[in-house]
Amino acid sequence: MADLTTRLGKLKLANPVILASGICDVTADMMLAAIAGGAAAVVTKSVGLEPREGHKGPSVVETECGLLNAMGLPNPGMELFHHEISKVADEGGIVIASVFGKTPQEFARLAKMAESAGAKAVELNLSCPHAKGYGAELGTDPEMVLTVTRVVKRAVKVPVMPKLTPNTSNIAELAVAAEKGGADAVVAINTLKGMKIDIDLARPVLGNKIGGYSGPGIKPVGVRCVYEIAGAVKIPLVGVGGIENGWDAVEYAMAGASAVQVGSAVWRRGMGVFGEITGEMDAFMKSRGHKSFGSMVGLARRAR
């Protein structure tokens with residue numbers, strides 16, 4: 001097998017494929033199943049300080065080319081979720097804790113709690129498109145991205161990775177702000193704003209009306225965002241959005257991603273998808289003479 005190891009700041013991964021936040025990451029057993037399926041690391045569901053029920057249903061609906069969800073950041077609160085992180089960490093799994101808050105101080109407090117539970121990195125959810133007062137409502141402001149990142153960096157020793165929204169006119173500007181704030185890496189992208197209407201009932205399908213669109217349909221947007229960010233910052237990137245197979249992952253790598261996260265494909269292909277994607281990447285690398293994953297990172301940016 002080719003060398004598939006990669007780094008996100010101080011975080012070294014055996015391969016570049018990670019379970020994305022919001023998919024099969026509610027319990028330690030689910031996250032351990034993803035690791036057993038070949039994921040090098042897992043990102044938890046986004047967790048806040050207090051328990052949160054989320055939006056009324058329907059909260060997830062299948063579309064022609066992906067999924068629409070308006071979960072509303074339901075979670076048990078970090079005090080209870082602390083145990084799930086610890087259990088995965090105790091089993092030797094690499095946990096990246098996704099956290100959300102209304103203020104930089106909330107983000108920092110959550111990051112410290114996650115670090116104490118055994119998380120090896122923290123992902124800052126500055127990009128959820130369907131939770132009022134959180135996510136993208138904060139993350140579209142470069143100054144807020146910079147401030148949140150800086151405050152969290154001062155609070156923890158583990159790598160800090162803001163997750164950026166594509167629902168903005170200039171995602172590279174947000175990445176530059178994260179880098180100035182001391183981010184060890186940036187994650188791009190979260191879901192696109194979308195909705196579905198039941199034409200028989202003449203009403204929106206989702207309980208929240210508007211949700212986040214994920215799956216194969218958003219891959220071209222994710223690849224474009226990673227490509228643009230890679231030209232603006234020097235820190236590593238994690239590509240997310242529509243990755244269904246190893247060739248999709250290679251495309252993100254060539255755009256500039258040092259790792260990828262897989263979400264909706266778990267729903268389509270099961271927990272073994274991580275190992276399958278890694279195997280597909282390995283086969284591609286061998287067929288093209290790439291001895292290491294790193295040799296592909298940013299390759300398309302160097303093309304003339």
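The values are calculated or read from the model by the stated rules, or taken from the named source; none is laboratory data. Quantities reported herein were computed from a predicted structural model and do not represent experimental measurements. Because the Cβ atoms are built from the backbone with ideal geometry, glycine has one as well, and the counts that use them run over all protein chains shown.
What tally of residues in region 90-125 results from selecting those that are touching a residue at least 40 places away in the same chain (Cβ under 8 Å) and in contact with a Pro (Cβ under 7 Å, 6 or more places away or on another chain)?
Count: 1.
Mind telling me which of the residues Ala249, Ala257, Ala300 ends up being touching a helix residue (DSSP H, G or I) at 6+ places or on another chain (Cβ under 7 Å), under 20 Å from Ala230 (Cβ atoms), at pLDDT 95 or above and not in a helix (DSSP H, G or I)?
Result of the check over Ala249, Ala257, Ala300: Ala257.
Answer yes or no as to whether Lys153 is farther than 30 Å from Arg269 by Cα and basic (Lys, Arg).
When the stated conditions are applied, Lys153 passes them.
Take the residues in region 209-224 that are of a type outside the set (Val, Ile, Thr) and without any contact (Cβ under 8 Å) to a residue 40 or more places away in the chain, then tell me which one is farthest from Ala265 (Cα to Cα).
Arg224
Here is a list: Ala283, Ala265. Which entry is surrounded by 17 or more Cβ atoms within 10 Å (Cβ to Cβ), small (Gly, Ala, Ser) and assigned to a helix (DSSP H, G or I)?
Result: Ala265 is the single residue among Ala283, Ala265 that is surrounded by 17 or more Cβ atoms within 10 Å (Cβ to Cβ), small (Gly, Ala, Ser) and assigned to a helix (DSSP H, G or I).
Quick one: what pairs do we get from region 63-76, first residue over 15 Å from Gly241 (Cα atoms), second surrounded by 21 or more Cβ atoms within 10 Å (Cβ to Cβ) and β-branched (Val, Ile, Thr), C-beta under 7 Å, 6+ apart or different chains?
Final answer for the pair search is Asn75/Val47.
Scan region 82-99 and give yes if some residue there is part of a loop (DSSP other than H, G, I, E, B), within 30 Å of Lys196 (Cα to Cα) and either at pLDDT below 90 or touching a Phe, Trp or Tyr at 6+ places or on another chain (Cβ under 9 Å) (or both), otherwise no.
no
Where in region 117-230 are there strands (runs of 3 or more DSSP E), lying wholly inside it, with at least 3 residues that are surrounded by 22 or more Cβ atoms within 10 Å (Cβ to Cβ) and of a type in the set (A, V, I, L, M)?
121-125, 186-188
For Ile243, indicate whether it is touching a Phe, Trp or Tyr at 6+ places or on another chain (Cβ under 8 Å), part of a loop (DSSP other than H, G, I, E, B) and either buried (at least 16 other Cβ atoms within 10 Å of the Cβ) or at pLDDT 95 or above (or both).
yes
If you scan region 10-50, which residues turn out to be more than 16 Å from Val262 (Cα to Cα), small (Gly, Ala, Ser) and touching a strand residue (DSSP E or B) at 6+ places or on another chain (Cβ under 8 Å)?
Passing the criteria: only Gly48.
Looking only at residues in region 8-23 that are within 24 Å of Leu67 (Cα to Cα) and touching an Asp or Glu at 6+ places or on another chain (Cβ under 9 Å), which one is surrounded by the fewest Cβ atoms within 10 Å (Cβ to Cβ)?
That would be Ser21.
Among the residues of region 24-77 satisfying the criterion of being assigned to a strand (DSSP E or B) and at pLDDT 95 or above, which is surrounded by the fewest Cβ atoms within 10 Å (Cβ to Cβ)?
Looking at residues that are assigned to a strand (DSSP E or B) and at pLDDT 95 or above, I get Ala41.
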